[in-house]
Amino acid sequence: MGFYCKAMIMVKSVLLATAIVVLQTQAQTAEVDFVRDVRPIFEKHCYSCHGATKQKSGLRLDVKSEAFKGGDGYGPSLIAGEADESPLIELVRSDDEYSRMPPKGEPLSAKEIGTLTRWVDAGAAWPDGIDLVQLEDRLDHWSFKPSQLPGVPATKDRQWSRNAIDHFILSRLQQAGLTPAPPADEVTWLRRVTLDLTGLPPTPQEVTAFLEEVAKGEPTYIAVVDRLLKSPRYGERWAQHWLDVVRYADTHGFEVNTERPNAWPYRDYVIEAFNNDTPYDRFIKQQLVGDAMDAGAATGFLVTASVLLPGQIGKDAPSIRLARQDSLDEIVNNIGQTFLGLSVGCARCHDHKFDPISAKDYYSMQAFVAGVEYADRKIESEESDDLKKEAEKLRQRVAHIDRRLASFVPLAHPVEDRNVNNEETNAKQNTHSFSPLKAKFVRLTIHDCNLHPSLGLIEPCIDELEIFTNEAEPRNIALASAGAKVTASGSRSSASHKLEHINDGRYGNSRSWMSDTHGRGWVMVELSEATSIASIVWGRDRLGKFTDRLATAFTLQAGLDADALTTLVYVPPQRPLVRATMNTDRFMPLRTTQLRFTVQSTNSLEPCIDELEVYNTSGDNIALASQGTVVTTSGDTIVADRHEPRFIQDGEYGNSRSWMSNAVGEGWVELKFATEQEIDRVVWGRDREDKFQDRLPTQYRIEGLVGEDWKLLADSTDRIPWTEDAQPAPSFSIAGLTLEETDEANRLLEEKRQLESKIKAAQNGQKAFAGTFRKPDDIHLLRRGDPEQPAESVTPAVLSAIDELSLPNETAEQERRKVLADWIASPENPLTARVMANRIWQWHFGVGLVETANDFGRNGAKPSHPELLDWLAQEFIRSGWSIKHMHRQIVLSSTYRQSTRHNAEAAVVDADIRLLWRYPSRRLEAEAIRDAMLAASGRLNLKMGGRGFDLFNKRGGLSGFTPVESFTDEGLRRMIYAHKVRRERDAVFGAFDCPDAGQSTPRRIESTTPIQALNLFNSRFTIEQSDAFASRVIKEVGDDVSAQIQRVYEIALNRKPAADEFAEAQPVVRAHGLQTLCRVLFNSNEFLFLP
Amino acid sequence: MNQPSNRAHPILNRRGFLSDSATALGSIALLDLLAGDRLLASESAVDLARPFVPRPGHFPAKAKKVVVIFCAGAVSQLETWDYKPELIKRDGKPLEDGPAVTFQGPAGDLARPQYQFRQRGETGKWVSDMLPHLAELTDDIAFIHSLTSKSNTHGPAENFLSTGTPLDGFPSLGSWVSYALGSENQNLPAYVAMPDPRGVPQNGSNNWGPGFLPAAFQGTPMSSKEPIRHLGPPGVSAASDRAARSLLQRVNERHLQQHPEDGKLAARIASYELAARMQLSVPEITDLSSEPAHILKSYGADDESNPTRAAFARNCILARRMIESGVRFVQLFNGAYASGGDLNWDGHSKLKEQYDKHAAILDQPAAALIKDMRARGLLEDTLVVWCTEFGRMPFFQKGAKGRDHNPDGFTCWMTGAGVKPGVSHGVTDELGQKAVENIRPLYDFNATILHLLGLDHERLTFEHNGIERRLTNVEGHVIHEILA
């Protein structure tokens, strides 16, 4: 394939034809002279809009070649010899003031029009070489010229330079009269390179190991770099840079912003490609045509942009055409800016203002990808078929488990059936007074406790249980000192928590009893003798510090016989709050022919139910129409094929098969069964497909017909009340189950978890949002980018300024992309290697040699070190396009090893440090800050790949996104594995200039705002990681405050604290805990900046 | 041909920047400022380490601050501001040569405005009864009846209104303004976005996103209902918090001593001081208990018979307090996300029934806001903008009692600083379907807002991916006819 630059541009056949006409008509044109007669008219009326500074509609009349070429999409404006056919003449002559030229100011006089007309009719003679301005050759631009291996400059200081990079840098510094900064100390380099290559700080062990070996010199440094590049953490760090450029996200964007659930295989592909050091030319090809290269997920690159889904596009044909154009435009932009560093998209509406890219070039690029659709594609692999079969089997097993689990729901206690207290417990103290009774035994049985904000259901805790006598001055006879003995279902034992603490007369968490079972447990007190008692008092933490682990449902019993106790208080567990996906109401079996479900309120608007299932005691859903059951309702909002009453009993889930009431906040549904049934369970949901959370019934009643009367079977009064900000209910709760039921349910849940992760793995092997491919659309040049104004049709062709390569229209879809990929990923393409070499440089130093990493065009910045850039590009190609090779060259250079030490004189010459007279420090990116905090706290979950974890309460959709504040398990993975909701920046780290995946981000901007400070100083994330960091350190070094402080510094900052730092930290740690120091260091500049 | 335009930020001169920032942030040491000056990126005179110092515009302006009342879902121009007697006449008749299919499906018959129109004020402007309180203000308003959008789909169209392009990821108007002008109050966010009490608008945070501008310039979402996040640490005692803050300051100062010339480090230290001040100012400004009863009453904030209106009214009061305190840009949303028109102005099927509810929420609080601001003299330097992403069709949708999306002719308006009162610009056809005179793409609307703030929409640029990006792309003409 030949790459060459044309010496001249825009030589068109029109011009040649004109020249011939000119020769033939020379004699007659003598009377109108271009310079004397015509140009002054142009100058007076036209050049302000069609001259050197402005070229409205792409027309330029001060340069001969341009004038004859004409404006955008209208063909030549001057047709020599035919004034009547020349648009220019027609426009100045026009009577219609809206279309007449010039649009403002005086129209041309009749004399002027006459002159122009005669001039054109006579052949429009425009002598060569008389133009007052010269057309700039847009190809005369450094990045369009082939890159050549430059000679490495000789520098005076041979000691300093370690490799070619250093020679180039030093030579440029010396030209500017500058000298490099002294090298950074060893540990600073280690911290810098570790953060830079892996996005995580080195561990204290790595620091120690490095210092032990550092005396050996260079091999030690090389070994460190090898270790880092081998670490899977490297790919997780560097893939993020790439994902920024291609604006990767896990939602579709725009108004509806729904989840793109299979986007992540592309993210994983990129991580893997970096980790494997996939040669960059292959990396490019895989992303464009991976479907032909056994790298299916890689073509996710083509469809990373926001896109309107079919349901969101208007039904009118222009809307459909515009949406298609927009989606193709995004693909072309992505290819242009990512691989070539060119803003090709500019030419969508008109020829590029600065670069030699015409509108035709742009649409010819579109033709390469005109068969790409934004959709999931099955990614074929050897295992995928087997996995599919396996998944089906597993799914059947899960369905079976679900059926069994569905029976493990607590019985409903509807309001009329409630012979029980419904009180809220208090973490500090709960007092229960009752009619005096004689007791030898007292038992407190816990059925449920509140959820820990991050850990969920954990073991309940009681600091003291007190039993008071029925006397004028009641005495606590539960005390061990009063001879009482205590037993329990099971106890956790630690310094703070012991069974004997429950009746030791001392309050507070550090003298408390903790059950050994999540959410339940019992304690029994055997009094020294049978005594008349009148009140019982217990608390979680009488000192008021702790509110977690609080029993919320319990039974309090007392009596003389341990096996026949009287119930004094029963606070039943509250059933979970209603969920949009699925709710189960279980009740005592009832024989009936009719069931009524009445909605009394909703979270918004008219209630909607996707399916109402009623189970008989044999486990059959007898609500189905197919069972002969007939439905009637209070009234309906009917939307054909979406909301109809019959959909509530059709066995199909989801909003698009649901019933909607016609009244806001209320409505009822009655089911009449074909025969009498013994029923014990109702299962219902708003949207089992989990896309809609609105219109959810929040208060309701379920009744069965007994004779003439309706009997209340279940209602929402014993559920946790629904509020807007309620924590979503866990999908399964053991609260209210018997111990046996709990054991069985837990066993089933564990099995289900394992099965689901296997199924997920199997499915994930199959689908990726990586585009689908079909017969390409016919692509036309569009006037002003408007799909309603198609002009000539175009075929695939590369940018005409750089190369000549075009394909016939019948070229097959995949072949088109293949040809494009080969052209881009060629060592001869002048842009490809330079653009990537520059990106690599930028990601190491913060700024590229070319500051505008996505724009190597004429509007982009000039390279600060053009020869170095070419050397890097050539070295990149020579190494087999190895990105890891480039890292080694850079991070082992003396340039990179400089300290950040300031130099006032150098700063005067080069304030932005573009010449690299020191290492330019910069703030870590959002992801690196979060990851580094988790690494320090010891909680970082290194699980790689797969579906992302949640930063918000939902994974996509219309309405507001509530941030997750407290993270566990998956939520503690590296941030690249967060489910990225387009446009929603993370609540804490988004403010740290985290891109929103709307447009490409070639370089992270670094801004500083008080919102960042608020987020990092006060967020629950920081507070929890500070606590965890402190716990980790205390566990590692014990109670000695000095040792703790030292360890915290070593982990967070890779150094020991200085004496005065010790002195400052100690009183704070003693008074406020080690977590306070941890919080401070997480917020310190030293932690947050690349050293 | 000329060289490509200078990539330097065109709106600022360094001297002006330095003197302004020195007064605004007097607590920052001069040394640090000088260091910061030297560190300024060559591409921009906006110091990203101190993004909110006030900056001058391109030319003197009457408006210094903006309140945008953004009605999500596309308010019908035909039910509100654009009086079309011909449509009343032809009620129930089919529109010959009208489109057979529009955004949501087949078109039905022409439908008269669902509210009575009458003449108002001295100008005699015809305005409907749908928004009676706002209708009282017509003598002060400049209406633009001939706006057009580039999209008939809510998402892209709200993007277009808010960011000047239908695509995702471009900077919002408020971000451009705070990028250009900084803020008059360093203790509050420069740019506040207040979602409707019923939920966020259709296009969510892209309406206040910074796009490729630095994140500093994004709108901070908050409302009377939802305060700014992370104003205080959960579960940390005040004493521990104080100790942490003071230790952090010492730790950072020691580090700065070792890197004495690094302006970014100094700026982060300063940002913690600003954050501490914000922790005090935000609760103060959001506490409406000091507002007198007659104010609460005039906005409808005291009337819990309509809790949504009361909540929107509280947002309106908060907006006024923000403007009083020097916040640069307040975006007040009325209407939430897609809901078949139940929660916003997207009246496809039951327009009258739904607009009755929405109008009751919008009208009194918004009108009270404008009156209250005028009474306090705030409109001397504050621009108030009322806008919506597109309009609606003169015919009902087939088989429904509502109107489909119409991007070809709709109405938005402005009032306040720099705006000519009591004018109407542009005309739609006799049925109100398409703009026919003084056709004004939304580019012109945004260009005019920038102009009123002293900003030239062609000079307010930011280099991104090789393009000097503007709010108005390569389009936009200031609507001089509505300027005072």
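Throughout, read-outs are computed from the coordinates displayed, never taken from laboratory work. This is a predicted model, so every value here is computed, not measured. Cβ atoms come from the backbone with ideal geometry, glycine included; neighbour counts cover every protein chain shown.
I'd like to verify something in chain A: which complete DSSP H helices, judged by Cα projection on the helix axis, reach 24 Å or more and average at least -1.0 on the Kyte-Doolittle scale?
On the way: long enough: A:317-335 (28 Å, -0.23); A:384-406 (32 Å, -1.27); A:739-764 (37 Å, -1.37); A:1020-1037 (25 Å, -0.14).
What comes out of the filter, once short or polar helices are dropped, is A:317-335, A:1020-1037.
List the lysines whose Cα lies under 26 Å from the Cα of A:Lys545, skipping any in the same chain that are fewer than 8 positions away.
Answer for A:Lys545, where 26 Å is the Cα cut-off: A:Lys428, A:Lys498, A:Lys1035, listed by chain and number.
Summing Lys, Arg as +1 and Asp, Glu as -1, what charge do residues with Cβ under 9 Å from the Cβ of A:Asn450 carry, A:Asn450 excluded?
Values: positive: A:Arg549; negative: A:Asp448, A:Asp548.
Value of the local net charge: -1.
Can you list the residues, at least 5 places off or on another chain, whose amide H is less than 5 Å from the amide H of B:Val419, using H built in the peptide plane?
For B:Val419, the qualifying residues are B:Ala484.
What does the charge count near A:Cys461 come to, summing +1 for each Lys or Arg and -1 for each Asp or Glu among other residues with Cβ under 10 Å from its Cβ? Write down the numbers at each step before the final one.
On the way: positive: A:Arg492, A:Arg540, A:Arg549; negative: A:Glu459, A:Asp463, A:Asp541, A:Asp548.
Summing Lys/Arg as +1 and Asp/Glu as -1 gives -1.
Provide the per-residue ³J(HN,Hα) series for region A:488-499, in order, calculated from phi with Karplus coefficients 6.51, -1.76, 1.60 and θ = phi - 60°, each as a whole number of Hz, with x at glycine and proline positions.
Per-residue couplings from phi come out as 8, 5, x, 9, 7, 10, 8, 4, 7, 10, 8, 4 Hz.
Taking the highest mean first, how do the peptides B:148-156, A:1044-1052 order by number of other beta carbon atoms within 10 angstrom per residue?
Details: B:148-156: 24.9, A:1044-1052: 22.0.
Output ranking for B:148-156, A:1044-1052: B:148-156, A:1044-1052.
What's the Cα-based Rg to Rh of region A:608-716, Rh via Kirkwood? Could the numbers behind the result be given before it?
On the way: Rg = 13.4 Å, Rh = 14.2 Å.
Dividing the radius of gyration by the Kirkwood radius yields 0.94.
Using a 7 Å offset from the Cα along the Cα-to-Cβ direction at both B:Asp287 and A:Gln600, what is the distance between the two label points in nm, to one decimal?
Taking the two extended label points, one gets 3.9 nm.
Skipping prolines and chain starts, which residues have an amide H placed within reach, meaning under 5 Å, of the one on A:Asn163, given they are 5 or more residues away or on another chain?
Amide H to amide H, under 5 Å and 5 or more residues apart or across chains, A:Asn163 pairs with A:Ser894.
Under 19 Å Cα-Cα from B:Lys420, which lysines qualify once same-chain neighbours fewer than 8 residues away are excluded?
B:Lys62, B:Lys64, B:Lys65, B:Lys125, B:Lys371
What FRET efficiency comes out for A:Ser109 versus A:Ser57 if R0 is 30 angstrom and r is the Cβ-Cβ distance? Round to the nearest 0.05. Write down the numbers at each step before the final one.
Working: r = 24 Å, r/R0 = 0.79.
The value I calculate is 0.80.
How tilted is helix B:442-452 with respect to the longest principal axis of chain B? Cα atoms for both, answer in degrees (0 to 90, nearest 10).
Taking the Cα atoms of chain B, the angle to B:442-452 is about 50 degrees.
Find the Rg to Rh ratio for chain B, where Rh is the Kirkwood radius over alpha-carbon pairs and Rg uses the same atoms.
On the way: Rg = 23.5 Å, Rh = 23.5 Å.
Radius of gyration over Kirkwood radius for chain B works out to 1.00.
Calculated FRET efficiency, A:Thr593 and A:Arg395, Cβ-Cβ r, R0 35 Å, to nearest 0.05?
Details: r = 35 Å, r/R0 = 1.00.
Rounded to the nearest 0.05, the efficiency is 0.50.
Tell me the label-point distance for the pair A:Thr208, A:Ser618, using the 7 Å Cα-to-Cβ offset, in nm and rounded to one decimal.
7.0
If packing is taken as the mean number of other Cβ atoms within 10 Å per residue, what is the order of A:313-325, B:353-365, highest first? Please list the in-between numbers first.
Working: A:313-325: 18.2, B:353-365: 20.7.
Sorting A:313-325, B:353-365 by mean packing, highest first, produces B:353-365, A:313-325.
As a quick test, which of the pairs A:Lys69/B:Lys150; A:Lys230/A:Lys862; B:Lys150/B:Lys401; B:Lys150/B:Lys434; A:Lys980/B:Lys150 have an alpha carbon distance above 23 angstrom in this structure? Walk me through the numbers before you get to the answer.
Values: A:Lys69/B:Lys150 30 Å; A:Lys230/A:Lys862 35 Å; B:Lys150/B:Lys401 26 Å; B:Lys150/B:Lys434 13 Å; A:Lys980/B:Lys150 28 Å.
Flagged as over cut-off: A:Lys69/B:Lys150; A:Lys230/A:Lys862; B:Lys150/B:Lys401; A:Lys980/B:Lys150.
Suppose every K and R has +1 on its Cβ and every D and E has -1 on its Cβ; what is the size of the dipole of the protein assembly as shown about the Cα centre, in Debye to the nearest 20?
Working: 179 positive and 211 negative charges, 531 e Å.
Charge dipole of the protein assembly as shown: 2540 debye, to the nearest 20.
Other chains near A:305-315: what is the mean number of their Cβ atoms within 10 Å of each residue's Cβ? Before the final figure, lay out the partial values.
Working: counts 3, 7, 1, 5, 0, 0, 0, 5, 4, 11, 7.
The mean count of partner-chain Cβ atoms within 10 Å per residue comes to 4.
Report the FRET efficiency, 1/(1 + (r/R0)^6), for A:Phe546 and A:Glu744, where r is their Cβ-Cβ distance and R0 is 30 Å, rounded to 0.05.
Details: r = 32 Å, r/R0 = 1.06.
It comes out at approximately 0.40.
Straight distance only, please: which lysines reach the Cα of A:Lys711 with their own Cα at less than 22 Å, same-chain residues fewer than 8 apart left out?
Within reach: A:Lys672.
Quick one: putting +1 on the C-beta of Lys and Arg, -1 on the C-beta of Asp and Glu, what dipole do you get for region B:59-102 around its Cα centre, in Debye to the nearest 20? Intermediate values should be presented prior to the final figure.
On the way: 7 positive and 6 negative charges, 94 e Å.
Approximately 440 debye in magnitude.
Which percentage, to the nearest 5, of the DSSP beta bridges contained in the protein assembly as shown is antiparallel?
Details: 128 of 159 bridges.
Roughly 80 percent of the DSSP beta bridges within the protein assembly as shown come out antiparallel.
Taking 0.36 nm per intervening residue step and subtracting the Cα-Cα distance, what contour gain separates A:Ala375 from A:Asp786 on full extension?
Values: separation 411, 0.36 × 411 = 147.96 nm, distance 2.48 nm.
Length gained, A:Ala375 through A:Asp786: 145.5 nm.
Please list, ordered by chain and number, the residues whose modelled amide H lies under 5 Å from the amide H of B:Val68; skip anything fewer than 5 residues away on the same chain.
Amide H neighbours of B:Val68, under 5 Å, 5+ apart: B:Val330, B:Gln331, B:Leu332, B:Val385.
Find which of A:Ala480, B:Gly199, A:Pro808 sits farthest along the positive direction of the dipole of the protein assembly as shown, computed with +1 on the beta-carbon of Lys and Arg, -1 on that of Asp and Glu, about the Cα centre.
A:Ala480
Per residue of B:193-203, what is the mean number of Cβ atoms on other protein chains within 10 angstrom of that residue's Cβ?
3
Hey, rough spin-label estimate for A:Gln1066 and A:Arg888, points 7 angstrom out along Cα→Cβ, what's it come to in nanometres?
Result: 4.9 nm between the two label points.
In Å, what Rg and Dmax follow from the Cα atoms of region A:284-383?
Taking only Cα atoms of region A:284-383, I get Rg and Dmax of 15.0, 51 Å.
P(r) of the protein assembly as shown in 10 Å steps, Cα pairs, percent per bin?
Spelled out per bin, shortest first, that is 1, 7, 13, 17, 20, 17, 12, 7, 3, 1, 1, 0, 0, 0.
Ignore the peptide's own chain and count Cβ atoms of other chains within 10 Å of each Cβ in A:1067-1075; give me the average, rounded. Spell out each step's value before the answer.
Details: counts 2, 6, 2, 0, 3, 9, 3, 0, 3.
Average neighbour count from other chains, rounded to a whole number: 3.
Would you kindly calculate the translational diffusion coefficient of region B:141-205, applying Stokes-Einstein with the Kirkwood radius from alpha carbon pairs, for 20 °C and a viscosity of 1.002 mPa s, and quote it in µm² s⁻¹ without decimals? Show your work: numbers first, answer last.
Values: Rh = 13.7 Å.
Estimated diffusion coefficient is 156 µm²/s.
Kindly provide the helix-only [θ] at 222 nm of the protein assembly as shown, computed as the sum of -39,500 (n - 2.57) over DSSP H runs of four or more divided by all residues, to the nearest 500 deg cm²/dmol? Before the final figure, lay out the partial values.
Working: 42 runs with 503 residues, N = 1575.
The per-residue figure over the protein assembly as shown is -10000 deg cm²/dmol.
Give me the log10 of I(q) over I(0) for region B:91-174 at q = 0.17, 0.18, 0.22 Å⁻¹, as the Debye formula computes it from C-alpha points; what are the numbers?
-1.02, -1.04, -1.02
For the peptides A:519-526, A:127-134, B:391-398, what is the packing order when you average, over each peptide's residues, the other Cβ atoms within 10 Å and list the highest mean first? Intermediate results must be reported in sequence, preceding the final value.
Numbers: A:519-526: 22.4, A:127-134: 10.8, B:391-398: 25.8.
Going from most to least packed, we get B:391-398, A:519-526, A:127-134.
Spelling out what I want: for every residue of region A:681-695, take phi, set θ = phi - 60°, compute 6.51 cos²θ - 1.76 cosθ + 1.60 (Karplus), and round to whole Hz; glycine and proline get x.
7, 10, 10, 8, x, 7, 7, 5, 7, 6, 9, 10, 10, 7, 6
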